[in-house]
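Report on the following structure.
Values quoted throughout were computed directly from the atomic coordinates according to the rules given, and no laboratory measurement underlies them. Keep in mind that this is a model prediction, so the values were computed, not measured. Ideal geometry is used to build each Cβ from the backbone, glycine not excepted, and the neighbour counts take in all protein chains shown.
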Amino acid sequence: MTVRVFLVEDMKHMQAIVIDLLATIGDFHVVGLATTEAEAKLWLTENPGAWDLAVLDLVLDQGSGIPVVPRAREVRHDEGRIVVFSDYASGGIRAHCEKLGADAVFLKSESREFMDYCTAFGGLAAAAPVA
């Protein structure tokens, strides 16, 4: 099963890293990419239910990923997941994002935990036959 990913990340090298990380764990396909808060909110409005996993950075060139979390929550389908993946996910920010509707919040230094979450959601482990 292909997992459709909406990625909100303004740094091109981080976009490539996230895409590469996801490619190593399963059939993840980026269907949308935004680099600003406004672009992210517009894409979500125009593409409700078109994604399975939203991966959001919090610090963007223009705006913040924080207001994108509740917008994603409003338009997601039942199985859609919202993950914050940011260098600025302190304890307070983590709790705030979860209150706004994020399913998981990871520091970028927690890439292993991020990958484990994504694997459990729709990666190779989720696609493996049950023995």
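Key figures
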| quantity | calculated |
| --- | --- |
| Test: residue in segment 88-99 that is closer than 16 Å to Val8 by Cα, surrounded by fewer than 17 Cβ atoms within 10 Å (Cβ to Cβ) and either under 12 Å from the mean Cα position of the chain (by Cα) or not small (Gly, Ala, Ser) (or both) | yes |
| Unique residue being under 22 Å from Ala23 (Cα atoms) and touching a Ser or Thr at 6+ places or on another chain (Cβ under 6 Å) when the list is Asp116, Asp57, Asp87 | Asp57 |
| Residue that is of a type in the set (Ser, Thr, Tyr) and more than 26 Å from Thr2 (Cβ to Cβ), where the choices are Ser86, Ser90 | Ser90 |
| Qualifying residue in segment 58-71 (condition: among the basic types (Lys, Arg), part of a loop (DSSP other than H, G, I, E, B) and surrounded by 18 or more Cβ atoms within 10 Å (Cβ to Cβ)) | no |
| Options Asp20, Asp10: the member that is closer than 20 Å to Phe106 by Cβ and outside any helix (DSSP H, G or I) | Asp10 |
| Output for segment 80-122, where each listed residue is of a type in the set (Val, Ile, Thr), in contact with a Leu (Cβ under 8 Å, 6 or more places away or on another chain) and in a helix (DSSP H, G or I) | Ile93 |
